[in-house]
Amino acid sequence: MKKAIVVGGSNGIGLAIAKKLIDSNRHVIILDVCSPAEKILDGKSYNYIKTDLTSFDNDLFENFSSDEEIDTLFITAGIGRICNFDNLSLTEIEKLFKINSVSAIKILKIFYERIKNTKSFYTGIIGSIAGLVSSPMFSVYSATKASICRFVESVNIELEANGYDNRILNVSPGSIKGTRFNGGENDLTLTDKLSDEIVSRLYKGETLFIPDYDEVYKGVIERYRQNARQFGLDSYEYKQKSGRISDKSPIVIGYLSGTFDLFHIGHLNLIRRAKAECDYLIVGVHPDASHKGKTTIIPFEERMEIVGACKYVDKVVMSFREDSDAWDEHHFNKLFVGSDYKGTERFLRYEEYFKDKNVEIVYFSYTKGISSTQIRETLAKK
Ligand code: CTP
């Protein structure tokens, strides 16, 4: 049986496309951060693999690229919110580029041998009108989508010039009704016709599809070409009045603290799991272990350096005596800790303290069989 991959197929237009691909007798593999809404797709016709494009998994895509049964790849994953550039943090900018642009191009690179093959291989990606014209109040989103539009356009020429038959379809819509993008809900009745058209153009080998082009977007693109500045000012005003401005950052900041003496796998497991549940991880290192009545072997500065060099850690700081005090400084949304702390006086106190502060305390299972104390004891015995 033929198979198709839909990256970002759990919601919106991705979900609708996944459904059409199932209707075309393909088994669909959905790669997304969350699973598809229940009962929308027949459970036997797809499988879902949790995939976070902010921590790109080369091996996952490499393995799929060598699966000959897969003949279709559609990338629909994308994030964005309407707000002034002022309002975006460095972390959000990086996240936008990672998901919308860098990961998508990496996936296409991994599948490029398949695209260059003489056998038909169908590839599509969701660009955006915002990638074809300027989009004030959507500046970085627009930049990520512009990179996709220019990339696909360029590579399609390379494919043609080198005599290959397969192409990549860039679907660049304006706003789509029936998706969760910008606060809506999944409604397949609203995305049905569009997804039908997208899939039919995909299998015809087209390179650019702008939905509603003649009725709406021809005018938009023409106005932009005639007077980009005036177009931009009008677009700015339109967004101001749209009621769709979102000043709330979706970035999740995580915090955890520890002594991290004789850095071991238990520490690494905790830090790795924590990073998988936030966008920006701050780790507080205790200057010493006197609060536990213990001594440390590795000096504080070196423990800071070791923890800070770990690829999952975005920022390392000296811890506060209490994690509740660290919140005043770092305003984290999630506090991580090993399950050995669950039910302790300290964490019961934090659970109370963070109740009304929109901070979730996440306990990860303690890695059994290892601790700094244990290593210290083993060393002492020897
Ligand atoms: N941790 C863990 N699994 C381990 C050891 C530690 O999940 N095997 C977690 C702890 O729950 C804590 C964090 O790592 O949230 C930092 O703990 P730290 O006190 O530095 O590590 P320990 O090895 O437990 O240190 P010690 O033996 O000195 O108490």
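Structure notes:
- Label-to-label distance, GLU322 versus GLU158, with points set 7 angstrom from Cα along the beta-carbon direction: 5.7 nm.
- Carbon + sulfur, % of accessible area of the chain - ligands and nucleic acids excluded, 1.4 Å: 51 percent
- Solvent exposure of segment 223-382 as accessible area per residue, Å², 1.4 Å probe: 59 Å²
- Estimated distance in nm for a label pair at LYS292 and GLU197, the labels positioned 7 Å out from Cα along Cα-to-Cβ: 6.1 nm
- Per-residue ellipticity at 222 nm, computed for the chain from helices alone with -39500 (n - 2.57) per DSSP H run of at least four residues, works out to -12000 deg cm²/dmol.
- Cα gyration tensor shape for segment 144-300, rounded if a/c is under 1.5, else prolate or oblate: prolate
- Descending by average beta-carbon neighbour count within 10 Å, the peptides 362-368, 249-255 line up as 249-255, 362-368, the highest first.
- Around the amide H of GLY124, modelled in the peptide plane, lie the amide H atoms of LEU73, PHE74, ILE75, LEU169, all under 5 Å away and 5 or more residues distant in sequence or on another chain.
- Difference of contour (0.36 nm per residue) and Cα-Cα distance, LEU348 to GLU302: 13.4 nm
- Protection-proxy order for peptides 326-339, 148-161, each taking the mean of Cβ atoms within 10 Å per residue, highest first: 326-339, 148-161
- Modelled this way, with points 7 Å down the Cα-to-C-beta line, the labels at GLU360 and HIS27 are 3.2 nm from one another.
The values are calculated or read from the model by the stated rules, or taken from the named source; none is laboratory data. As the structure is a computational prediction, the values presented were derived from the model and not from experiment. Virtual Cβ from ideal backbone geometry, glycine too; neighbours counted across all protein chains shown. The protein model used for the area step is the full one, side chains on, heavy atoms only, and it has no ligands, DNA or RNA in it. Shrake-Rupley method; radii C 1.70, N 1.55, O 1.52, S 1.80 Å.
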